[in-house]
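K.L.:
After the C-alpha cells below, expect a handful of questions from me.
The values are calculated or read from the model by the stated rules, or taken from the named source; none is laboratory data. In this text the structure is predicted, and so the values were computed from the model without any measurement. Backbone-built Cβ (ideal geometry, glycine too); neighbour counts: all protein chains shown. Heavy atoms of the whole protein, side chains included, go into the accessibility calculation; ligands, DNA and RNA do not. Shrake-Rupley method; radii C 1.70, N 1.55, O 1.52, S 1.80 Å.
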Amino acid sequence: MRSKPLLFALALALLLAVTLRPSPLQETPPPGPVVRIIPPPAEQAVPEPEKEAGAPAEVHVIEDCTVTWYTADTYGKAPDHPAYGITASGLPVEEGVTCAVDPAVIPLGSEVRVLYADGSAGTFQATDTGVKGEWVDIYTPSYDYAVQSGMQKLTVYWTAPKEKEMTPND
C-alpha cells in the first residue's frame, strides 16, 4: 500500500513538471539579429515622363559592332575631286568627330559612342556613309593609325539626332 501513495506523488510531480515547464514559445529567443517585418511602402503616384525637348534621348546599343578607321585618301575620292574631304551630310571630315555609318542602322546626325577594348570611349557624330550593316567607320587623318587600328568588334551606343536638321554650318 505504501507504493500507491508513492506512485501517486511521483505521477503528480511529473504532471506538475510538464505543466509548469515554460513552453518553447514563451522562452526568450537566443541572442542574435532581430528580424522585424516591415510593411511595404505606400504606393506613390509616379509622375509621367516629360515629352518635351528636355527629355533624355533613347540610347541604342550594338554589341560586337564592326569598327574601322578611314582617311580622306582611303574613301574613294581623289584629292582633286570637288567633294574630297566632304561627308555624305555635306560636312567636312573632322578628326575626333566624324564617323561613317549605314543610315538604315544608325541615322545620319546621330551621336555615336564607341567603347574601346581598354575601357575608354570616343564620341562621334554620324555624318558620313559608306558602310553597310552594324558597322562604324571612324575618320582619322593618319593612314598609319587607321591601318594600325585595323578592324575591331566593339560595343557602340548611339542616340538619334534631335528634330533639328543637320546643316554644314552647325
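K.L.:
Please name all residue pairs, on different chains or six or more residues apart, with Cβ atoms under 8 Å, provided the first residue is in segment 58-76 and is in contact (Cβ under 8 Å) with a residue 24 or more places away in the chain and under 18 Å from residue 134 (Cα atoms) and the second residue is acidic (Asp, Glu) and part of a loop (DSSP other than H, G, I, E, B).
P.N.:
62/134; 64/134; 65/134; 66/134
K.L.:
Can you report the number of residues in segment 78-89 which are open to solvent by 60 Å² or more (accessible area, probe 1.4 Å) and more than 38 Å from the chain's Cα centre (by Cα)?
P.N.:
4
K.L.:
Still on this structure: Which of the residues belonging to segment 103-152 are small (Gly, Ala, Ser), in contact with an Asp or Glu (Cβ under 9 Å, 6 or more places away or on another chain) and exposed (fewer than 13 other Cβ atoms within 10 Å of the Cβ)?
P.N.:
133, 142
K.L.:
Please enumerate the residues belonging to segment 90-102 that are assigned to a loop (DSSP other than H, G, I, E, B) and either open to solvent by 70 Å² or more (accessible area, probe 1.4 Å) or hydroxyl-bearing (Ser, Thr, Tyr) (or both). Break it down into steps so the answer makes sense when it comes.
P.N.:
To start, the set of residues in segment 90-102 that are assigned to a loop (DSSP other than H, G, I, E, B) comprises 90-91, 93-97, 101-102.
94, 95, listed by residue number.
K.L.:
Quick test of your reading of the structure: residue 148 fulfils all but one of (1) modelled with pLDDT of 90 or more; (2) in contact with a Leu (Cβ under 8 Å, 6 or more places away or on another chain); (3) among the polar types (S, T, N, Q). Name the failing condition by number.
P.N.:
Every condition holds for residue 148 apart from (2).
K.L.:
Okay, moving on. May I ask you to verify whether residue 127 is in a strand (DSSP E or B), farther than 15 Å from residue 157 by Cα and not aromatic (Phe, Trp, Tyr)?
P.N.:
yes
K.L.:
Quick check on this structure: which one of 126, 100, 104, 146 is closer than 12 Å to residue 69 by Cα and in contact with a Gly (Cβ under 9 Å, 6 or more places away or on another chain)?
P.N.:
On inspection, the qualifying residue turns out to be 100.
K.L.:
Conditions: (1) surrounded by fewer than 14 Cβ atoms within 10 Å (Cβ to Cβ); (2) modelled with pLDDT of 90 or more; (3) in contact with a Lys or Arg (Cβ under 7 Å, 6 or more places away or on another chain). Residue 59 meets all but one. Number of the miss?
P.N.:
Going through (1) surrounded by fewer than 14 Cβ atoms within 10 Å (Cβ to Cβ); (2) modelled with pLDDT of 90 or more; (3) in contact with a Lys or Arg (Cβ under 7 Å, 6 or more places away or on another chain) one by one, residue 59 breaks only (3).
K.L.:
Among the candidates 122, 133, single out the residue that is touching a strand residue (DSSP E or B) at 6+ places or on another chain (Cβ under 9 Å), assigned to a loop (DSSP other than H, G, I, E, B) and touching a residue at least 12 places away in the same chain (Cβ under 8 Å).
P.N.:
Just one listed residue meets the conditions, 133.
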